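A.B. asks: Before I ask anything, here is the structure I am working with.
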Amino acid sequence: MILIGLTGGIATGKSAVSKALRVRGIPVIDGDIVAREIVEKGQPALEKIKEAFGPAILRADGTLDRQKLGKIIFQEPHQRYVLNGIMRPYLQDTFRKKIAEVEKTGTFAAVLDIPLLFEEGYHQWVDVIMVVYAPVEVQRARLMNRDHLDKAEADRRIRAQMPVSRKAQLADVVIDNSGRPETTERQIDRWVKRYLDKKRQQPNKE
């Protein structure tokens with residue numbers, strides 16, 4: 001199975017590309033969904049987050065207050081490292097299980113969709129790295145519009161990640177998602193035909 005590592009920068013449109021790949025019949029392991037699952041009420045990761053950040057990080061019903069936690073980790077960078085350190089073992093274990101489950105289906109290719117693909121070393125797990133790119137000014141405008149942020153807060157969130165331009169330099173394929181949706185779709189179609197379809201037609205050497 002060819003494992004495609006999908007990543008990008010905040011507000012570059014990675015989710016749209018992930019959806020487009022899924023529509024084309026490629027299973028997607030969504031890192032954002034996994035990250036939400038492992039911090040659900042009663043999960044050990046949530047208990048460790050509460051120990052590290054205090055009980056105020058929880059809502060009255062005992063679930064994680066994501067907005068409150070997000071504000072903390074974007075305003076205090078060292079806290080982001082604390083959170084990532086807590087999440088890392090649970091994420092890795094869950095990703096391994098999900099990759100194994102998808103592989104058992106016999107699919108030719110699958111997507112591992114992870115925002116911190118490079119930062120957390122998951123690029124070493126995959127066969128192909130796909131980066132969804134948009135210029136910083138596009139990221140900023142989308143963030144301000146989508147999340148109702150001012151410029152300073154949008155820039156702070158962009159700076160919290162590895163620059164998407166650097167990710168693009170490390171990628172095997174770059175999808176430029178700064179333009180119209182149909183332009184992005186055409187790029188995905190070209191890549192599927194040139195790479196995946198070609199690989200699928202190659203004889204099995206085993």
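Bear in mind these aren't lab numbers, they're just calculated from the coordinates by the rules spelled out. Given the structure is predicted, the values throughout are model-derived calculations rather than measurements. Here Cβ is always computed from backbone atoms with ideal geometry, including for glycine, and neighbour counts include all displayed protein chains.
A.B. asks: In bins 5 Å wide, starting from 0, what share of all Cα pairs of the chain does each bin hold, as a percent?
C.D. replies: For the chain, the pair-distance distribution reads 1, 7, 14, 17, 18, 17, 12, 8, 4, 2, 1, 0.
A.B. asks: Could you identify which residue out of Ala168, Ala141, Ala11 has the top mean-square fluctuation in a GNM of the chain using Cα springs shorter than 10 Å?
C.D. replies: Ala141
A.B. asks: How far apart, in nanometres, would the label points at Arg96 and Gln43 be if each is projected 7 angstrom from Cα along the Cα-to-Cβ direction?
C.D. replies: 1.8 nm
A.B. asks: Determine ³J(HN,Hα), in whole Hz, for all residues of segment 106-117 in sequence, where each value follows from phi through the Karplus function 6.51 cos²θ - 1.76 cosθ + 1.60 and θ = phi - 60°; x replaces Gly and Pro.
C.D. replies: Karplus values, whole Hz, x for Gly and Pro: x, 5, 6, 8, 8, 10, 10, 9, 9, x, 9, 4.
A.B. asks: Once every DSSP H run of n ≥ 4 in the chain is given -39500 (n - 2.57) and the sum is divided by its residues, what mean residue ellipticity at 222 nm do you get, rounded to the nearest 500 deg cm²/dmol?
C.D. replies: Numbers: 10 runs with 109 residues, N = 206.
Taking each H run of at least 4 residues, the total per residue is -16000 deg cm²/dmol.
A.B. asks: Apply the Karplus curve 6.51 cos²θ - 1.76 cosθ + 1.60, θ = phi - 60°, to the phi angles in segment 51-68 and return the couplings in whole Hz, x for Gly and Pro.
C.D. replies: Ordered by residue, 3J(HN,Hα) equals 5, 7, 10, x, x, 5, 6, 9, 6, 4, 8, x, 8, 6, 8, 5, 5, 5 Hz.
A.B. asks: In a Gaussian network model over the chain where Cα atoms closer than 10 Å are linked, find which of Gln67, Gln79, Gln92 has the largest mean-square fluctuation.
C.D. replies: Gln67
A.B. asks: While we're on this one: If you fit an axis through the alpha-carbon atoms of helix 136-147 and take the longest principal axis of the Cα set of the chain, what angle between them do you get, 0 to 90°, nearest 10?
C.D. replies: 60 degrees
A.B. asks: I'd like the orientation of helix 77-104 relative to the chain: the angle between its Cα long axis and the longest Cα principal axis, in ° from 0 to 90, rounded to 10.
C.D. replies: 40 degrees
A.B. asks: If you fit an axis through the alpha-carbon atoms of helix 14-23 and take the longest principal axis of the Cα set of the chain, what angle between them do you get, 0 to 90°, nearest 10?
C.D. replies: 40 degrees
A.B. asks: Moving on. Assigning unit charges at the beta carbon (Lys, Arg +1; Asp, Glu -1) and nothing else, what dipole magnitude in debye, to the nearest 20, does segment 167-206 show about its Cα centre? Intermediate results must be reported in sequence, preceding the final value.
C.D. replies: On the way: 10 positive and 7 negative charges, 33 e Å.
Taking the Cα centre of segment 167-206 as origin, the dipole is about 160 debye.
A.B. asks: For the chain, what is the charge dipole size about the Cα centre, in debye to the nearest 20, if Lys and Arg each add +1 at the Cβ and Asp and Glu each add -1 at the Cβ? Kindly include the intermediate steps, with their values, before the conclusion.
C.D. replies: On the way: 36 positive and 28 negative charges, 76 e Å.
Computed charge dipole of the chain: roughly 360 debye.
A.B. asks: Moving on to the next point. Taking H as built 1.01 Å from N, whose amide H comes closer than 5 Å to the amide H of Asp176, not counting residues under 5 places away?
C.D. replies: Here Tyr133 satisfy the definition.
A.B. asks: Beyond a 31 Å Cα-Cα separation, which of these cross-linked pairs lie in this structure: Lys19/Lys151; Lys41/Lys193; Lys97/Lys193; Lys104/Lys193?
C.D. replies: Details: Lys19/Lys151 28 Å; Lys41/Lys193 43 Å; Lys97/Lys193 29 Å; Lys104/Lys193 24 Å.
Exceeds cut-off: Lys41/Lys193.
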